[in-house]
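Just so it is clear, none of the values below were taken in a lab; they were calculated from the coordinates. None of the values given here were measured: they were computed from a predicted structure. Note that each Cβ is placed from the backbone with ideal geometry, even for glycine, and that neighbours are counted across all protein chains shown.
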Amino acid sequence: MTTSADYTEKIPNNVDLHEDRRLQRALESWQPNFLSWWESMGPSLPTQDVYLRTAINVGREGWAHFGHVAMRDYRWGIFLAERDPGRRIGFGEHRGEPPWQKVPGEYRSELQRLIVVQGDTEPASVEQQRNLGATAPSLYDLRNLFQVNVEEGRHLWAMVYLLHAHFGREGREEAEELLHRNSGSQDAPRILGAFNEETPDWLSFFMFTYFTDRDGKYQLGTLKESAFDPLSRTCEFMLKEEAHHMFVGTTGIDRVVERTAQLMAEHDADEVAARGGIPLDVIQKYLNFHYSVSLDLFGGETSTNVANYYTAGLKGRWLEERRRDDHTLTSESLMVDAVTDDGQIGQTEVAALVGLNTDLRREYIADCESGVKRWNRILAGAGLDLRLKLPHVAFNRRVGAFAGIEVTPDGERLSADQWEHRQGEWLPTEVDKTHVRSLMQPVHERGKIAAWIAPPRNGINGKPFDYDYVHLY
Ligand code: BYC
């Protein structure tokens, strides 16, 4: 295996695909199906070409090439991070043993399930973002959207490679299914909740890339620890690409908040909408929505699935090697969020193994706080007293311990009736969404930007903001 990609092949790869003709043929027969999915479910705005990065090397430096490419000619490829010959399994009952290069029979179905769930999210996000090009606030943003889209397409390739290479006929069938399920479909929806929600406007897109892509970061981080070495190495490289997706979300929300703060400081909080900005309370409602549906992506507060995954060595913890414990957790306990017997929100002590979804969700929440701090610094810098905040962990949850209760963003219990009447105070209403959508007028002119968002500080890859990032027809 080499670190650099072979681009002479039909499917660029660094896994010596040409040495396994059967696998190569199987993937080459999946390729046209992927391309026809991309044509029908991928970005709907026609473009001549886009200034995109393409992965060329999995090493630390110089891993990507930037240039204008027609999106249908993008070279989606298969790249695994370099193999570490000294690697040992870091947790669970196989701790200390060499990692597996093949799938052990006893863990086959669990591993396949994890890979399918991960793979399902990638094309789902492309489908959700399909129509955003038509309303991009600038060519810079348009290019970033397409960069995210092509890389989510590549992440699908990453999972499909594992399914084809290691899971035989069932794996090939699952790879087909990944192209047949669709976000929001009645008959064949995507597997996880957040991936069937709409991303109808750019505020949603930035919130999605901040909060939902960040779930991706944490889930990939746990799969990077996996004893199944090909999965670990795939996820390691995906995380590298993922960083840009979260950058798009973080700085996107920065720029929306900056523009709103500017309008509030110059005029009056009530005048933001009239002057073409997005009111801060609407930004807060979008944040509440995307954060809460992303919390659901971590599964239940307690889960026997996650205990089994960990013990078997399939899915570790975030930064497993930095944890100061025995990495098997058989005699540890953990406090997890729960609704107590008297109906109060509290905590309960459980075996650490079954609480691992909570452990990961907590890491994620701490990371989300850092974004809120940034955005509040922007508000403070504009001389404003108002602040954004993350809602309570039990707010608007549909999965886990809080699925059956309703609370305010401050964590106050509500009856179902009260929730029904008051949810519009905290989640985007039709009026809010219609207003945000009305602002989404495309700005496809070089160097120009929509009025509801501030321009970025820097362009991409050292290019200026007014670079011709996308050539439209
Ligand atoms: N919606 O035992 P539990 C990304 C299911 S994002 C619907 O508590 P577990 C990306 C669950 O599957 C990262 N169903 O859950 C971001 C289980 O069903 P089964 C994606 C849900 O198994 C942006 C049942 O409920 N990667 O990469 O401990 C753009 C009981 O649940 C949901 C992964 O998620 C939900 N929200 O944990 C592009 C990693 N939550 O098995 C890409 C792989 C739970 O009983 N997946 N359920 O039929 C996993 O590790 C786990 O499957 C989960 C759930 C963390 C998702």
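Relative contact order of the chain, please, whole-number percent, based on alpha carbon pairs below 8 angstrom and at least 6 residues apart. Computed over the chain, the figure is 19 percent. Across all directions, the shadow cast by the convex hull of the stretch 28-163 built on its C-alpha atoms averages 10.4 square nanometres.
Pairwise Cα distances in the stretch 11-55 exceed 12 Å in 72 percent of cases.
Residue by residue, the stretch 292-307 carries 3J(HN,Hα) couplings of 5, 5, 6, 4, 4, 5, 8, x, x, 4, 10, 7, 6, 3, 5, 4 Hz when phi is fed to the Karplus relation 6.51 cos²θ - 1.76 cosθ + 1.60 (θ = phi - 60°); x denotes Gly or Pro.
The count of lysine pairs in the chain whose Cα atoms are under 12 Å apart, excluding pairs fewer than 8 places apart on the same chain, comes to 6.
Only helices enter the 222 nm calculation for the chain: every DSSP H run of n ≥ 4 contributes -39,500 (n - 2.57), and dividing by all residues gives -14500 deg cm²/dmol, rounded to 500.
Couplings 3J(HN,Hα) of the stretch 76-92, computed from phi: 5, x, 10, 10, 10, 4, 4, 7, 9, x, x, 5, 10, 4, x, 7, x Hz, in residue order, whole Hz [Karplus 6.51 cos²θ - 1.76 cosθ + 1.60, θ = phi - 60°; x for Gly and Pro]. Can you give the translational diffusion coefficient of the chain in µm²/s, computed by Stokes-Einstein from the Kirkwood radius over Cα pairs at 20 °C and 1.002 mPa s? Once the numbers are plugged in, D ends up at 92 µm²/s.
Summarising the amide proton neighbourhood of Q347: residues at separation of 5 or more, or on other chains, whose placed amide H is nearer than 5 Å comprise A338.
Indicate the gyration tensor shape class of the stretch 106-263 (rounded, prolate or oblate), computed on the Cα atoms with a ≥ b ≥ c the square roots of the eigenvalues: a/c under 1.5 is rounded; otherwise a/b larger than b/c is prolate and the rest oblate. Verdict is prolate for the stretch 106-263. Simple rule: put +1 on each Lys or Arg Cβ and -1 on each Asp or Glu Cβ in the chain, find the dipole, and look at N144, L388, L223; the Cα lying farthest toward the positive end is N144. Sorting 83-90, 278-285, 422-429, 139-146 by their mean Cβ neighbour count within 10 Å, with the most densely packed peptide first, gives 139-146, 278-285, 422-429, 83-90. Karplus-based coupling profile of the stretch 366-374, in residue order and whole Hz: 4, 5, 4, 4, 5, x, 4, 4, 4, with θ = phi - 60° in 6.51 cos²θ - 1.76 cosθ + 1.60 and x standing for Gly or Pro.
Amide H contacts of N13: D6, I78, each under 5 Å away and 5 or more positions distant or on a separate chain (H built 1.01 Å from N in the peptide plane; Pro and chain starts excluded).
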